[in-house]
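See structure below.
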Ligand SMILES: [Fe+2]
Ligand SMILES: [Fe+2]
């Protein structure tokens, strides 16, 4: 595969469309028109007009006092007498006699709004257009991850429209108080699928659209806004859709309190007694309506969640559980053809799942993503260090540029294999984004060392793929680097893992690989701490058996001695994809030099492990390992400071910086220098 073809293939791995300014504007125009039609639908139907002596075909809701004066300023002489004796809501089916006070008020209201005025329609359309444009721009620019996908923006606009249409039906065909509208359903669903950062903007848009249905009542707008924001605040982890109902129940109480406060602000009285006596029918109680609005929002959100999940192309939990099956043909192939890559994937899955769970992300998704992210390596496993097992290295016969292309191809081939098996796009994204747009530094520096006869640039040695766009894919990218680098730590102690994790995370940040993931600084701190804890658990020390202490010094803390010299995963970080292992002709690189500013630090070839024949271990009786701390455990004192002459397996890379150091062989500063 030539270079140009490979670049084109890598650039086109992502199939999801992103929202542009043009498509966002079109969306806002279309849905603003829909919302205007929804808002004024009864005015387009002449038969819906209320007439004397005939049952009202639809419920008529008069504006509140303030707006009644403002909107009907030409009919003030009616308002002065009507506002004290006529209710604001005339339910469907109500009959009016000609000449009564309420009839006059109703006729004044109908005369003010029928026939529908184009200027009023235009004003509403302009307002909705501004709301739509702001919402689209916010999702496109301020909120990262899924919110930028076109289909997700369509989904949010559709939820808003469904809420508006459902609310209009309630308002027209029932006499229920307007507090009952399930407005909080919109921010609940948007937050559930697209993240919390979107919540306030969506709650604001939903409150505007809903209040437009009730004559832009300011009090109701504030109630809708407070309820919507509150519902999101209490929305818990999103592992089950029932959290939507719990959040809705909590929002119900906020709706009651909001109604109480707004009633006090606008009326100066709670009217609880009137509410209980005059509206004996509980259907007309504003307090009960507020209570049911939250509960109804939660139930409606749970009802619509599967549909919205399909709209935003989110893989279902059941499908993920299916993909977890280790008998899946792709996993079987990976396990058989590239067993070390499979073990790397499984270790990543454990690290990533715990870290994602800690920040409330989709832990099951990232576990499955870890399983499949390197499935492309099963086609040509021998090009990757972890599968060479000390045998022949095909990169010895290739130029650095050809080697880089061979490594790049595992991303393309893996993505194609997953698409052939109709794996969900959420899982495929892990395959084409786990290396981001990183530089394959080992081969770039090898090319420089060979003289760069073809005048190649860093661009020729960089992945032309896509950076992660979700929290889960961002975490997997970091874990991919960490899992590999952790294998090179001489003394697996917490301080060493902390230093390693922090530097890899920082290097990814400095390279901009996590820019689109919506991971916050707090998320990264939690993820980093969690990964360190998991690594400590994975590499925990054990007490040596007596036969081990008497032999060649093999201990639980020893560097792994099997296989090739320790060169690890990594493409951006590491060397799992460099395919350099197994050949003593190539320099061994400090893995962390590829994570940050990335200058590889050639070191001395790994000394051969001591392989003197060890005495036959005494097998009988097998000593029980001592799990409780012993007074003097035979574990050497942990080395907390970097050794003056670091070996290739000691973490001694330069502090990562945003500017990549391209000078090969530049000595690395000590980690301590970074602290100040
Ligand atoms: Fe990879
Ligand atoms: Fe990997």
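Numbers at a glance
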{"quantity": "Any chance residue 395 is within 15 Å of ligand 1 (Cβ to nearest atom) and surrounded by 24 or more Cβ atoms within 10 Å (Cβ to Cβ)", "calculated": "no"}
{"quantity": "Residues of segment 109-148 satisfying the condition of being modelled with pLDDT under 80 and either surrounded by 16 or more Cβ atoms within 10 Å (Cβ to Cβ) or closer than 23 Å to residue 43 by Cα (or both)", "calculated": "143, 144, 145"}
{"quantity": "Qualifying residues in segment 448-478 (those that are surrounded by 23 or more Cβ atoms within 10 Å (Cβ to Cβ) and free of Cβ contacts under 8 Å to residues at least 60 places away in the same chain) - the one farthest from residue 432 (Cα to Cα)", "calculated": "478"}
{"quantity": "Members of segment 56-75 found to be more than 13 Å from residue 106 (Cα to Cα) and either at pLDDT 85 or above or part of a helix (DSSP H, G or I) (or both), listed by number", "calculated": "57, 65, 66, 67, 69, 70, 71, 73, 74"}
{"quantity": "Unique match (being within 16 Å of ligand 1 (Cβ to nearest atom), in contact (Cβ under 8 Å) with a residue 40 or more places away in the chain, over 30 Å from residue 8 (Cα atoms) and touching a strand residue (DSSP E or B) at 6+ places or on another chain (Cβ under 8 Å)) among 485, 481", "calculated": "485"}
{"quantity": "In segment 375-398, the residues that are in contact (Cβ under 8 Å) with a residue 40 or more places away in the chain, assigned to a loop (DSSP other than H, G, I, E, B) and more than 16 Å from ligand 2 (Cβ to nearest atom)", "calculated": "389, 390, 391, 392, 393"}
{"quantity": "Any chance residue 403 is away from ligand 2 (no atom under 16 Å from the Cβ), more than 27 Å from residue 509 (Cβ to Cβ) and buried (at least 19 other Cβ atoms within 10 Å of the Cβ)", "calculated": "yes"}
{"quantity": "Every residue from segment 400-414 that is in contact (Cβ under 8 Å) with a residue 12 or more places away in the chain and more than 14 Å from ligand 1 (Cβ to nearest atom)", "calculated": "400, 401, 403, 405"}
{"quantity": "Candidates 368, 375 - the one that is within 13 Å of ligand 1 (Cβ to nearest atom) and crowded, with 24+ Cβ neighbours inside 10 Å", "calculated": "375"}
{"quantity": "Qualifying residue in segment 445-455 (condition: at pLDDT 90 or above, farther than 20 Å from residue 361 by Cα, in a helix (DSSP H, G or I) and in contact with a helix residue (DSSP H, G or I) (Cβ under 6 Å, 6 or more places away or on another chain))", "calculated": "yes"}
{"quantity": "Residue in segment 83-92 that is at pLDDT below 80, on the phi > 0 side of the Ramachandran plot and outside any strand (DSSP E or B) present", "calculated": "no"}
{"quantity": "Residue selected from segment 10-33 under the condition crowded, with 17+ Cβ neighbours inside 10 Å and closer than 16 Å to residue 135 by Cβ, by the criterion nearest to the chain's Cα centre (by Cα)", "calculated": "19"}
{"quantity": "Spans of helices (runs of 4 or more DSSP H) in segment 329-374 with at least 3 residues over 16 Å from residue 413 (Cβ atoms) and touching a helix residue (DSSP H, G or I) at 6+ places or on another chain (Cβ under 6 Å)", "calculated": "339-358, 363-372"}
{"quantity": "Verdict on residue 305 being more than 15 Å from ligand 2 (Cβ to nearest atom), in the same structural domain as residue 246 (by TED's automatic domain parsing) and touching a residue at least 60 places away in the same chain (Cβ under 8 Å)", "calculated": "yes"}
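Listed here are the residues, each with its yes/no results for (1) within 21 Å of residue 432 (Cα to Cα); (2) surrounded by 19 or more Cβ atoms within 10 Å (Cβ to Cβ); (3) in contact with a strand residue (DSSP E or B) (Cβ under 9 Å, 6 or more places away or on another chain).
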| site | (1), (2), (3) |
| --- | --- |
| 298 | no, yes, no |
| 302 | no, yes, no |
| 306 | no, no, no |
| 324 | yes, no, no |
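The values are calculated or read from the model by the stated rules, or taken from the named source; none is laboratory data. Bear in mind that the values here come from a model prediction, so they are computed numbers and not experimental data. Positions of Cβ are generated from backbone atoms using ideal geometry, with glycine treated the same way; all protein chains shown enter the neighbour counts.
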